[in-house]
């Protein structure tokens, strides 16, 4: 019997990136675990509710040892969501999946337990409280990346966290991908993709438009589809509904 | 300590080897000690252009492998005693080059010579990256046409990221050498103009070498054009480029252009 799909809607699979904490153990493992216990004692509940990735690249351990390490960590309430830098043969069923392509982010501060905190529950609150205060601050300052030199052919600048400003040109065969807007104080000859992680308000600005491809929030336009009167001008590109609108600036 | 120059382009056939030989001979005629090094292992050409193909005994790969000492492999030019050639191996390929080996050879050459000019192979693979790795200065050879300009742009990106200087956080000195320039064709729009190339690549101009039969003739005779026909237009352009490399301020002239533009170019910052 063949299965008949009654629902015509297709399943949408989306990509999303999250910030995870990366643990890179070193040998001997029992001493490393001791140091981890010490850290956990000073900052109770640090690993609770945090996605943790285990980085075992450059760590000469066998599959059984890795499994033991994951179990040891689980005992300490550190749940591993994925393993980075492991050979495929080291990971079996029942173990976290392999992860790759991670990008470094800033170090995570481990907040120490307040000296006068008495119960563990209180300490847990203390450890998490500063983060709650930080959250609105992060939102208040949008991130931006400034590049002071031309983006050369073959280079790609990817910055999903916010805006990219380039003081120079973007060459043919180069690409710039931003979560926010893209500002180019030079000629845009390559590709520019703004609002790459779903931001319809993102815009692209350039001193001179000679682009191969532009995209905002996944809606793209090839060079051929662009109005030829825009070429060579200072242009602002924005999204209106599902169409890319272009305005010549001054 | 001498200066290490890499002559590179990304694209093949734009005149890297010709320019290496011509600049090497021009610098050597200033009584400075020059070594030209062929990095195009497996496709060596510099020995032909220098007219030393029958005198090659040991090569770069032999020195890297320790089969020969550097002085055994260096070939002194018959016309200029300050000019030396370190040929590439024709029977091996780029995998015969090792990073440590190249570093050792370049380090040794720097001690004896004022200028070490490395003729990079085309492409962006191991041979090209090793040739640029230890350089102090890069000469990017470009023809005034779109594919060469884009390839040069790619190479400039690599010079800013893959070289030892870039990795140490220093800035790599880069110069543009525009070769095979034909002012008539540029004027007609068949070729990119000098300003267009400079605008795209945005690095200082070292010189403009006019398209000329003299260059091909010199190569086939086995002599750098700056040696065989020093009075020709391309030789003059190479001599000027060599003076700029040595730090002199020489205004750039666009070959074959009339006065009005001359004045405009006079103000341009060269090298």
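The values are calculated or read from the model by the stated rules, or taken from the named source; none is laboratory data. Note that this is a predicted model, so its numbers are computed, not measured. All Cβ positions, even for glycine, are placed from backbone atoms using ideal geometry, and neighbour counts span all protein chains on display.
Here is how the numbers come out for the structure above:
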| item | result |
| --- | --- |
| Per-region count, the range B:44-94, residues farther than 26 Å from residue B:30 by Cα, crowded, with 21+ Cβ neighbours inside 10 Å and free of Cβ contacts under 8 Å to residues at least 40 places away in the same chain | 2 |
| Strands (runs of 3 or more DSSP E) completely within the range A:175-235 that count 2 or more residues being within 14 Å of another protein chain (Cβ to nearest Cβ), touching a strand residue (DSSP E or B) at 6+ places or on another chain (Cβ under 6 Å) and buried (at least 23 other Cβ atoms within 10 Å of the Cβ) | A:182-188 |
| Residue tally, condition more than 14 Å from chain A (Cβ to nearest Cβ), in contact (Cβ under 8 Å) with a residue 40 or more places away in the chain and not in a helix (DSSP H, G or I), over the range B:196-229 | 9 |
| Helices (runs of 4 or more DSSP H) (entirely within the range B:37-109) containing at least 2 residues that are under 21 Å from the mean Cα position of the chain (by Cα) | B:46-49, B:60-65 |
| Selected residue (criterion: farthest from the other protein chains (Cβ to nearest Cβ)) from residues of the range B:145-172 that are touching a helix residue (DSSP H, G or I) at 6+ places or on another chain (Cβ under 6 Å) and assigned to a loop (DSSP other than H, G, I, E, B) | B:163 |
| Those residues of the range B:226-244 which are in contact with a helix residue (DSSP H, G or I) (Cβ under 7 Å, 6 or more places away or on another chain) and within 16 Å of residue B:178 (Cα to Cα), in sequence order | B:234, B:235, B:238, B:239, B:241, B:242 |
| Residue selected from the range A:29-52 under the condition surrounded by 14 or more Cβ atoms within 10 Å (Cβ to Cβ) and under 16 Å from residue A:69 (Cβ atoms), by the criterion modelled with the lowest pLDDT | A:47 |
